[in-house]
Every structure is written in C-alpha cells, then in structure tokens.
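J.: So that we are looking at the same thing, I have put the structure below in structure tokens.
The values are calculated or read from the model by the stated rules, or taken from the named source; none is laboratory data. Predicted, not measured: the structure shown is a model, and the values here were computed from it. Ideal geometry is used to build each Cβ from the backbone, glycine not excepted, and the neighbour counts take in all protein chains shown. SASA here: full protein model, heavy atoms, side chains in, ligands and nucleic acids out. Shrake-Rupley method; radii C 1.70, N 1.55, O 1.52, S 1.80 Å.
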Amino acid sequence: MIMTRQLQKHYGRVQALDGLEIEVPDGAIYGFIGQNGAGKTTTLRILAGLLVPDGGSAEVAGYDVVCNPRAVRNILGYMPDFFGVYDDLRVGEYLLFYAAAHGIRRQAAQKLRDDLLELVELADKRDEFVDSLSRGMQQRLCLARALVHDPQVLLLDEPASGLDPVARVEMREILKELRRLGKTILISSHILSELADLCTHIGMIADGRLVRQGPLLQMVEASQLQKIMLRCHGDAAPAVKVLECWPGVTALQTVNDRIELQLAGGAQEAAALLKELVLAGAAVAHYSIQEHTLEDAFMQLARG
Amino acid sequence: MKKIFRIWQDFGEGLRNGLVPMLSKEMRGRTRNWRGPLLLSIYLAVLGGCVVLFLWLNSRGSTVIPQVGLILYSILVFALMLLLGAIAAVVAATAISGERERRTYDLLLVTRASLAGIVLGKWLASVVYLLFLAIAALPVLGVVYFFGGMPLKNVAVALGLCLMTGLGYGALGLAFSAIFRRSQTAIIVSLITVFGLIFGTLIISAIVVAGNPQVSYNPEMTPQITPPQYVFLSPVVTMASVLPGSGQGAVSSFSGIAQRLAGGPGMTSYAMGGSSMLVMSGGPGSGFPTGYTGTKVVKGLAGWAPLAKFTLYQSLLALASLLVATFAINPLRPWLMWQARRRSMKQAANLSG
C-alpha cells in the first residue's frame, strides 16, 4: 500500500533521509520507530505531499506522491505531530469545515460528523468550542478530521505524544477499531510498548536509513540478546564474579539483591550459565529469562 | 477533449472545496472572536472622531463656511479610504501566516481544496468584511446630509472607490501573508507597501514633475505633460477626481493637494461623466511651479478617466497578488516537482528495462 524507494531528503547540509526504503502491506498497522531526528516526520510529510523528496520515489496505493498528489490526497488521511485548531469553531463545525474542504456535501457531512464523533467518543462535545477541549480530546478530534473523507491510508505522526495514560489508552482503542475497519495505518511513535500492542509490522529507522523492517513478532525475535534476572540468597559476590567473566554477558547490573544482565545466544547458553553459577557456590534463589520486547529489539539496534 | 473537461472539472471542484468552507469559516470566526468587534469599534470611533473634531473646529470660528458639508464629506471619504485600505491589508496579512502560526496550515493543504480556492476564500472573506465595514460607515457619512449639497451618486461612487482600494490592498496583504511566515512581519510589510502606494507614488510624482526641466513658471514655454500612470495606484488622485466640484477646478483643499501631488494643479479629469478626456489646465498663480496650458485629448490608456484607470490597476494588483499568494502557499514547488517527476519516470523506465 505504501512504498518508498531510495527516498532522499536533505535540509541544507543535514541529510534527513538517506535512501529510505519502506514497504507497508495493505491493511497493516506499521509502526515507524526511530530516535528524534531519525527522519520519521520527514518521511510522513513526503508521503502526505507536503514535501518534495530530493531523490527516490514514494507511492501510496500505486500513486506517486509527487506525480499524482491529488489522487494521493483522496485516499490518505494525515495527522501531524503538532497541529493547531481553529479556536473560534465548535467541534461539529470543525469537522464540517474539513468535510466541505474534501468536497463532501452538507447532508452527508452532517451524518459523517455524528458518526466520527461517536467513533472518537466526542459526541457529547459537539457544540463546544474546540479550544475548550483537553489535549487528548483535541488529538481524537484531529484523528476524526483525518478520517473525514474515509481514507484507505492513515499517516499518524506521534498520535499519543503529550497525552496522559488514560488518553493514550483511549487513542489505542480507537486505532484498534480502525484496524478492524481495514485501514492501512503508518504510525510513527517513540512509545514502543504501545506500538507492540498495536502494530502488525515494524520499521526501524536511524539517520534517515531503514535499519530493519518486518512483521512485529519476527522483529522482536530477531533480537539476539536475552534478558536474564536472578536473585541470590545471601551473598551475591560469587555469582557476580562468574557473570563478570562469562562470555556473552552484557549490561550487567545489581539492584539490591537482584542481578540483571543480557546474554547472547539462546536457552542453551542460559542453562549453561545457571549451571556454572550453582557450581561456583552462588545460592541462586530465582533465575528467569524475560520475554523479548520491542524495546529490547530497538535498543539493541540503536546501540548497534 | 475529455481530458480538458476533466481538468476543468477538477479545477472547479478544488476551487469550490477551498472557497466555500474558507469563506464561511472566516466570516463565522470574525463574528465570534473579540478582535472583530474591537476593530469595528476603533474604526467607527476614528470616523466619528473626524466628524466631531471637524464640527468643533468649525463651530469655533465666527464665520460660517458655506461648503461645510462638502469639506466634511471630503475628510470623511479620505479617512474611510485610508482606514479601509489599511484594515484590508492588515486583515489579509494575517490570513495565511495565521494558519501557519496556528499550525493548521498543513491540515488545510492535505484536503481536496485547491490552493487557488484557499487563497480566493481568504480574499473573499476579507472583501465581505470590508463591505460590512463600508456599510457600517454609512450612518457616519449620513452626518453630511445635515448640511446638504451632496448627491447620493457621489457617495455611492466614493464608497465603491474605497471598496476597490480595499480589494487591491487586501490581495496585496494576502500575498505578503503567504510569503512571510510570521503575521507580524506580513502586517508591517503590508502597511509599509500600502502607505507607499497611497502617498509614496504621489510624492515621487511630485518630485519627478518638479524636477522636469521642461516645466517652468512660464506657461508659454511649458509643454503639456501627462501625469505618470503609477499615480493611479494611489486612490487619492481618483478620490480627488470624484469629489463634488473637482471637475470645475477643485473645491476642497484635499482635492487640490492630491492633484498637485499627482502632477500639477491643473490635472483635472471629468471622471464622473465617464469621459476619457483628460484636461490639462492651469497657469501662473496656482501656487505650484508648473504651467500647464491648453487642453489636449489623450487617446489610449492615458486618456481613461482616473476612476477607470484606478479600477484597472487595482484589479491587476489584486490578480497579481492572488497569483503570487497561490504560488507561495504551494508546498510542492513546481520546479522541484518537475525534477522529481523526471526522476520518477527514469526510475520506472529502469525498472521496466
């Protein structure tokens, strides 16, 4: 549904995108992960037709975003990371304004407004002024605005940024509902735990280049490191001594009586380490291998 | 043929998608926030202040000026013209830069509204607001009728001229609003440009005429001089020509000053009659170092009545400004799009090859 080929963009001397190649399958929720300044927003702005790439190409549903921006706009909804609202419009009027800007007739637009406000749970706020809404409500309203012309594809740039935990949960539920409706969603975020709960695919970007992309499960399992947590009964020194010398052990840290570490390899290596700890006289009371998370995979890639 | 029809259809659709919602939103916004009523209050206070000040000054003298109604009318119309010109420029100067500052600009650009539709919607909204301001000024202008002597036709023409001033300068403000990212910058540049067009053109014209070696105090030796066309970018000269009595050799001091600045004391035009005859007359004792004599029928654009010329120039200014604004708000610069298209086509050819 979305595809970029050798996408390049620079701002002066800063290379924002350096041959980025992403591929978002139809109906997928694609989490676009990267550190600040990695090029996520630039990619989304190019796809939305707000920036012209310096090189390469980008397509949405087979339409080139530069050659056919009008066709792309018809099938694409965009929600920027920072956005404003018209403070002199009411919630319902705000949606009607964008519906009219998308060429939707008034009667159809009124029905659409009610449906969308229902979807984002703002139906009771219809006659309130937009600037009287909380940040979370404004985010939801902006999402409703992006959906006003029933686009096939949604580009969401940090939709949960600046939201409190309750508002984040609400936003996540709405996105899940959109997934059920069959929308293809490209969502950029740095709240990895939420993406893991929501996305079907993940793309990791660093310095304007794609580091890795694929189905979520595959990405998480691709991590070569396993997180181990152990607790000793009594003196932990023998255990720490073993761990410090054991090959493949990284990120070793002791927190109270708890020892955390990362170990290269699989279950076999973890079992061998436990055996060695016991043989060294460490009184191991608890030994657990924690599940891989998206955060681990990202941190591993970020650290190179 | 089908393709051309499709292009026209798309163009019309994009225009409507921008124009209709933008116009209704802007008008609704102006009636809802505090800025609209405040601006209207200041505007009416200035006009009302002009009337009160003039009547107070007039009542202090022991003699009664017979043309008091005409002079008051001239002052009011001049003030109205300046106010509408400035307000149009300021209101339009915040239209697009305001969208950028509010961060609603991107949201607007990803809709199906065309850029021309957005710009036209913004411009027409300011036009409607100007119309509202012009109508709001009618009761103040009505004070003139206490003194009599003012044909209704003159009031209508003067109001039309003020509106035309607002249309052109409003479009200019919109262009600056599209060019500059900050509203403050756009407002300052717009006001400087507008006042430059209103007064600067006249001052330049006066300097040029005064510096003309052919112009002398001796009327016999001075050839007939056509006033420079750029003075018609200012509404002042045209306003002077439509004030009552200007055709008979200047009634009010305003009319006289404007004519002198524009190119000589004798530059009077029978604009009200719709004639294209420009008459250059005057002579010694006029208090201005020129000596235009005789009459001359000027053909072509130079011979147009000032009102017609001003209308033409304001329309051209509005058109050019709207085109600049439409170009400036386009995030995809045409040359960059052209390059990108070429690249895309090459890439597609490489893939298929």
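J.: In the stretch A:105-125, how many residues are open to solvent by 80 Å² or more (accessible area, probe 1.4 Å) and either assigned to a helix (DSSP H, G or I) or within 24 Å of A:V169 (Cα to Cα) (or both)?
T.: First pass over the stretch A:105-125, keeping only residues open to solvent by 80 Å² or more (accessible area, probe 1.4 Å): A:105-107, A:111, A:118, A:121, A:124.
Then drop every residue that is not either assigned to a helix (DSSP H, G or I) or within 24 Å of A:V169 (Cα to Cα) (or both), which leaves A:106-107, A:111, A:118, A:121, A:124.
Counting residues in the stretch A:105-125 that are open to solvent by 80 Å² or more (accessible area, probe 1.4 Å) and either assigned to a helix (DSSP H, G or I) or within 24 Å of A:V169 (Cα to Cα) (or both) gives 6.
J.: Additional query: Hey, can you tell me all the residues within the stretch A:10-23 that are assigned to a strand (DSSP E or B) and open to solvent by 20 Å² or more (accessible area, probe 1.4 Å)?
T.: Step one: filter the stretch A:10-23 for residues assigned to a strand (DSSP E or B), giving A:10-11, A:14-20, A:23.
Listed by number, the residues that qualify are A:H10, A:Y11, A:V14, A:Q15, A:D18, A:E23.
J.: State all residues of the stretch A:138-158 that are open to solvent by less than 10 Å² (accessible area, probe 1.4 Å) and within 17 Å of A:V24 (Cβ to Cβ); if no residue qualifies, say none.
T.: A:A146, A:P151, A:V153, A:L154, A:L155, A:L156, A:D157
J.: Turning to a different aspect of this structure: May I ask you to verify whether A:L163 is part of a loop (DSSP other than H, G, I, E, B) and more than 30 Å from A:A108 (Cα to Cα)?
T.: Details: part of a loop (DSSP other than H, G, I, E, B): yes; more than 30 Å from A:A108 (Cα to Cα): yes.
Spelling it out, A:L163 is indeed part of a loop (DSSP other than H, G, I, E, B) and more than 30 Å from A:A108 (Cα to Cα).
J.: Also, I was wondering about something else. Look through the stretch B:316-333, keep the residues that are within 11 Å of another protein chain (Cβ to nearest Cβ) and open to solvent by less than 60 Å² (accessible area, probe 1.4 Å), and return whichever of them is nearest to A:S57 (Cα to Cα). Working first, answer last.
T.: Initially, the stretch B:316-333 is screened for residues within 11 Å of another protein chain (Cβ to nearest Cβ), giving B:330-333.
Cutting the leftovers down to open to solvent by less than 60 Å² (accessible area, probe 1.4 Å) gives us B:330-332.
Details: B:N330: 20, B:P331: 17, B:L332: 14 Å.
It comes out as B:L332.
J.: So, one more: Looking only at residues in the stretch B:82-114 that are part of a helix (DSSP H, G or I) and among the basic types (K, R), which one is nearest to the other protein chains (Cβ to nearest Cβ)?
T.: Here is the first cut: in the stretch B:82-114, the residues part of a helix (DSSP H, G or I) are B:82-93, B:95-102, B:105-109.
Among the residues that remain, those that are also among the basic types (K, R) are: B:100, B:102.
Numbers: B:R100: 9, B:R102: 4 Å.
Looking at residues that are part of a helix (DSSP H, G or I) and among the basic types (K, R), I get B:R102.
J.: Still on this structure: Would you pick out the residues in the stretch A:255-277 that are surrounded by 15 or more Cβ atoms within 10 Å (Cβ to Cβ) and of a type outside the set (D, E, K, R)?
T.: We begin by selecting, within the stretch A:255-277, every residue surrounded by 15 or more Cβ atoms within 10 Å (Cβ to Cβ); these are A:259, A:261-263, A:269-270, A:273-274, A:276-277.
Of everything in the stretch A:255-277, those that are surrounded by 15 or more Cβ atoms within 10 Å (Cβ to Cβ) and of a type outside the set (D, E, K, R) turn out to be A:I259, A:L261, A:Q262, A:L263, A:A270, A:L273, A:L274, A:L277.
J.: Further, regarding this structure: I'm trying to understand the selection: among the residues of the stretch A:39-51, which are under 13 Å from the mean Cα position of the chain (by Cα) and farther than 18 Å from A:N74 by Cβ?
T.: Our first condition is that a residue be under 13 Å from the mean Cα position of the chain (by Cα); within the stretch A:39-51, this holds for A:40-41, A:44.
A:K40, A:T41, listed by residue number.
J.: Quick test for you: out of B:L55, B:L109, B:L72, B:L83, pick the one residue that is at pLDDT below 90 and either open to solvent by less than 40 Å² (accessible area, probe 1.4 Å) or polar (S, T, N, Q) (or both). Full working, then the answer.
T.: Details: B:L55 fails: either open to solvent by less than 40 Å² (accessible area, probe 1.4 Å) or polar (S, T, N, Q) (or both); B:L109 fails: at pLDDT below 90; B:L83 fails: at pLDDT below 90.
Every option except B:L72 fails the conditions.
J.: Here is a further query. Identify, from the list A:G77, A:G84, the residue that is under 26 Å from A:G162 (Cα atoms), in a loop (DSSP other than H, G, I, E, B) and either open to solvent by less than 30 Å² (accessible area, probe 1.4 Å) or in contact with a Cys (Cβ under 6 Å, 6 or more places away or on another chain) (or both).
T.: Values: A:G77 fails: in a loop (DSSP other than H, G, I, E, B).
From the options A:G77, A:G84, the qualifying one is A:G84.
J.: List the number of the failed condition for A:Y94; all other conditions in (1) free of Cβ contacts under 8 Å to residues at least 24 places away in the same chain; (2) of a type in the set (F, W, Y); (3) in a helix (DSSP H, G or I) hold.
T.: Just one mismatch for A:Y94, condition (1).
J.: Something else: Just to verify a result, which residue in the stretch A:53-63, among those that are surrounded by fewer than 20 Cβ atoms within 10 Å (Cβ to Cβ) and either touching a helix residue (DSSP H, G or I) at 6+ places or on another chain (Cβ under 8 Å) or in contact (Cβ under 8 Å) with a residue 60 or more places away in the chain (or both), is farthest from the other protein chains (Cβ to nearest Cβ)?
T.: Applying the filter and picking the extreme gives A:A61.
J.: Since A:I46 meets every condition but one in (1) more than 14 Å from chain B (Cβ to nearest Cβ); (2) hydrophobic (A, V, I, L, M, F, W, C); (3) surrounded by 23 or more Cβ atoms within 10 Å (Cβ to Cβ), which condition does it not meet?
T.: All conditions pass for A:I46, except number (1).
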